[in-house]
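The values are calculated or read from the model by the stated rules, or taken from the named source; none is laboratory data. For clarity, every value in this text was computed on a predicted model and none was experimentally measured. We place every Cβ from the backbone using ideal geometry, glycine too, and count neighbours over all the protein chains shown. Just so you know, the surface numbers come from the protein's heavy atoms only, side chains and all, with ligands and any DNA or RNA stripped out. Shrake-Rupley method; radii C 1.70, N 1.55, O 1.52, S 1.80 Å.
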Amino acid sequence: MTQRWSWSRLALWGVPSARDSEYQGVSFSPGGELLVTLEHQGAKRLRWWRWHGAKAPEALAGEVVIPQGVAARPLPLLGGIAVTDQRFHISLRAVEDGRLLRQEVLPGREAWGLTANRQGTLLAMQNFTGGVLLWDVETWASLGRLEGPQEDVTGLAFSPDGRLLAASSLEGRIVIWEVPSKRLVHIHEEHETQFTHPAFTPDGTELVAPTTSQRLQRFRVSDWSPAGTFAGSLAGMSSVDFSPDGQLFTTTKAGFRVFDTRTNTCLLHHDVDNDFYYSNSAFSPDGTAVAWGEPDGTVSLWGPTPAG
């Protein structure tokens, strides 16, 4: 007999904040060593856990307050966590105790996004007016801004091999660069479309870009031609993330939903009573759970469990 599975909450980690969060950023290190969260408002806590699976006992590894913090990404190669803030800084915090290891002032305006390649060697940042900036992790220095249209950039994504960087825009553009050469390789434009945070599929063959309508546009990386859509999610989607095997994906808007890639069936929807609240959702690298930041500052972990 085939085992039936259903999706449900597996665990709830962290102590609630005294104030509601405006949003939380959630990310895993590529190898699965860490789960990192950052509250943009509320308690403004940067927190990280050693990842031993969703059902393992909670073990908070560290916590530090980041005034005006914006985004955070774990960098296992440096034994730290990269953090940006509204004071134009990019800093590196030690995993052991949260102490400040490195800090530089960003050229130009503050960064409203922080994306790392899978190799952990490069960071990319963007804001609405200052364009896309590449950052070298080893030297902790800017590699310069990329050339090409970059108005109203909403999200960035590295391809799995780190060779490509995609930017989405509220101006109806998807812009693709070749990272080693910084060469602009493709621009896709659609009138009256607003693209939000994109993601490459785990095998690197497609780029998927959510829109503020109920459409997730797919593009073939081989020639950047449209490859159809995923439909049936919510208008105003903010981001998309894929499971490591590419068989599931999540979308976010005042909560998150989990879909089967092959059938486009919704397996789980978790909503909060605040249309303006946002947290991204992230699959664990082992594919056993989805992490999502709750409005009270806790982190919920969701996954499949035997039904009945």
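Taken over the range 30-56, the criterion of being part of a loop (DSSP other than H, G, I, E, B), farther than 20 Å from Thr252 by Cβ, open to solvent by less than 20 Å² (accessible area, probe 1.4 Å) and in contact with a Phe, Trp or Tyr (Cβ under 8 Å, 6 or more places away or on another chain) is satisfied by Gly32 alone.
Being part of a loop (DSSP other than H, G, I, E, B) and open to solvent by 30 Å² or more (accessible area, probe 1.4 Å) is the filter here, so list the residues in the range 296-306 that pass it. Asp296, the sole residue that qualifies. Listed by position, the strands (runs of 3 or more DSSP E) inside the range 166-282 whose residues that are among the aromatic types (Phe, Trp, Tyr) number at least 2 are 255-260. A residue that is in contact with a Pro (Cβ under 8 Å, 6 or more places away or on another chain), open to solvent by 10 Å² or more (accessible area, probe 1.4 Å), part of a loop (DSSP other than H, G, I, E, B) and farther than 18 Å from Leu38 by Cα cannot be found anywhere in the range 151-158.
Here Glu104 passes the criteria (1) assigned to a strand (DSSP E or B); (2) surrounded by 17 or more Cβ atoms within 10 Å (Cβ to Cβ) except the one numbered (2). Kindly indicate whether any position in the range 287-294 is within 22 Å of Gly113 (Cα to Cα), open to solvent by 30 Å² or more (accessible area, probe 1.4 Å), within 18 Å of the chain's Cα centre (by Cα) and at pLDDT 90 or above. Looking through the range 287-294, none of the residues is within 22 Å of Gly113 (Cα to Cα), open to solvent by 30 Å² or more (accessible area, probe 1.4 Å), within 18 Å of the chain's Cα centre (by Cα) and at pLDDT 90 or above.
Only one entry in Thr139, Thr115, Thr121 is buried (at least 18 other Cβ atoms within 10 Å of the Cβ) and either within 24 Å of Gly80 (Cα to Cα) or of a type outside the set (Gly, Ala, Ser) (or both), namely Thr115. Considering Val240, Val179, which residue is surrounded by fewer than 21 Cβ atoms within 10 Å (Cβ to Cβ) and either touching a His at 6+ places or on another chain (Cβ under 8 Å) or within 22 Å of Gln119 (Cβ to Cβ) (or both)? Every option except Val179 fails the conditions.
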